Amino acid sequence: MCAVLTMISSTLNAQQNNLAYAVAWKQTAAEHAALYYQGFNIARMQVEAALSKRSDFGKPLAIISDVDETLLLSNSYWGYMVASGNDFFNDAEWDNWVEEDLFTPSPGSVEFAEFCRLNDVDIFFVTNRNQGVSTFDLARRNLQTAGFGPVESDHLIVLRESSNKEVIQQQIMQDYEVVVLLGDNLNDFSRDYYVTDVDERRLLASENRRNFGAKNIIFPNPTDGHWIRAIFGESEPPASNTNREMLHSAASRSAWQKAQN
Ligand SMILES: [Mg+2]
């Protein structure tokens, strides 16, 4: 392709990429980092409160945490998607990228994990990643490279077949006093949020408002999660013009109906 065409093509990609605002925010906004610090500050306060009455529980203390976009950030993947003109999540590209081990720890996460370790508070890492048979080893390597190691094998739970985390959460709660659950997706806290209705999810969040900052600590994720599923009916909608129109319609659902003169 000649230089002019390459420039036009890259300009069009830059203009049309639906991921650009969300990814630019993840890549640059100090507010993005501040929300992670805020979340881990609250988590630490909850752990400190639990430690002060530890003898009341009769069980060891634990945290249950999601992995991706909670403890590990994948900005390099999303940056690649925008740079290469992809405007929807691409599972094949994701699987290739995960093997590269380029995750970075989310702001405040490693310090929080260290605080837990020093105070004998266990962290259970629960993820519904699926990179086939190597999923567990990849997830453990990614966590350890980012500074969460060593990760014991019975503290990393990989749910390849389902994103329903409630069963394993209940099992952990039998043996541990779980102080908080950490996640970037409300499904990390309750399966109730696994519904394909935007308004129903928002109503549930409103009903559960007291949990946020208490038992559940939510981190920001504007690029992926079950909020996407509520719009498109699937968590990883393919890049198609129909889905681009659906995204546009979701973004303008409360649009001002400006009077025409
Ligand atoms: Mg996640």
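Data for the structure
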{"read-out": "Residue in the stretch 242-251 that is within 16 Å of the ligand (Cβ to nearest atom), β-branched (Val, Ile, Thr) and either within 26 Å of residue 32 (Cβ to Cβ) or in a helix (DSSP H, G or I) (or both) present", "value": "no"}
{"read-out": "Within the stretch 191-209, considering residues that are among the basic types (Lys, Arg) and closer than 18 Å to residue 233 by Cα, the one surrounded by the most Cβ atoms within 10 Å (Cβ to Cβ)", "value": "201"}
{"read-out": "Residue count for the stretch 45-90, restricted to those that are surrounded by 12 or more Cβ atoms within 10 Å (Cβ to Cβ), modelled with pLDDT of 95 or more and assigned to a helix (DSSP H, G or I)", "value": "15"}
{"read-out": "Check on residue 22, within 16 Å of the ligand (Cβ to nearest atom), among the small types (Gly, Ala, Ser), at negative phi and in contact with a Pro (Cβ under 6 Å, 6 or more places away or on another chain)", "value": "yes"}
{"read-out": "Pair list, Cβ under 6 Å, 6 or more apart: the stretch 17-39 residue closer than 10 Å to residue 220 by Cα, other residue of a type in the set (Gly, Ala, Ser)", "value": "36/106; 36/108"}
{"read-out": "Matching residues, the stretch 210-234, being away from the ligand (no atom under 14 Å from the Cβ) and either among the basic types (Lys, Arg) or crowded, with 17+ Cβ neighbours inside 10 Å (or both)", "value": "210, 211, 215, 230, 231, 232"}
{"read-out": "Scope the stretch 25-34; condition surrounded by 15 or more Cβ atoms within 10 Å (Cβ to Cβ) and either more than 24 Å from residue 129 (Cα to Cα) or touching a helix residue (DSSP H, G or I) at 6+ places or on another chain (Cβ under 6 Å) (or both); matching residues", "value": "26, 32"}
{"read-out": "Residue selected from the stretch 64-93 under the condition without any contact (Cβ under 8 Å) to a residue 24 or more places away in the chain and in contact with an Asp or Glu (Cβ under 9 Å, 6 or more places away or on another chain), by the criterion farthest from residue 23 (Cα to Cα)", "value": "84"}
{"read-out": "Within the stretch 105-184, strands (runs of 3 or more DSSP E) holding 3 or more residues that are over 25 Å from residue 56 (Cβ atoms) and away from the ligand (no atom under 15 Å from the Cβ)", "value": "none"}
{"read-out": "Of all residues making up the stretch 32-78, the number that are within 18 Å of residue 212 (Cβ to Cβ) and away from the ligand (no atom under 16 Å from the Cβ)", "value": "11"}
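The values are calculated or read from the model by the stated rules, or taken from the named source; none is laboratory data. Nothing here was measured: the structure is a model prediction, and the numbers come from that model. Don't worry about glycine lacking a Cβ; one is built from the backbone with ideal geometry, like all the others, and counts go over all protein chains shown.
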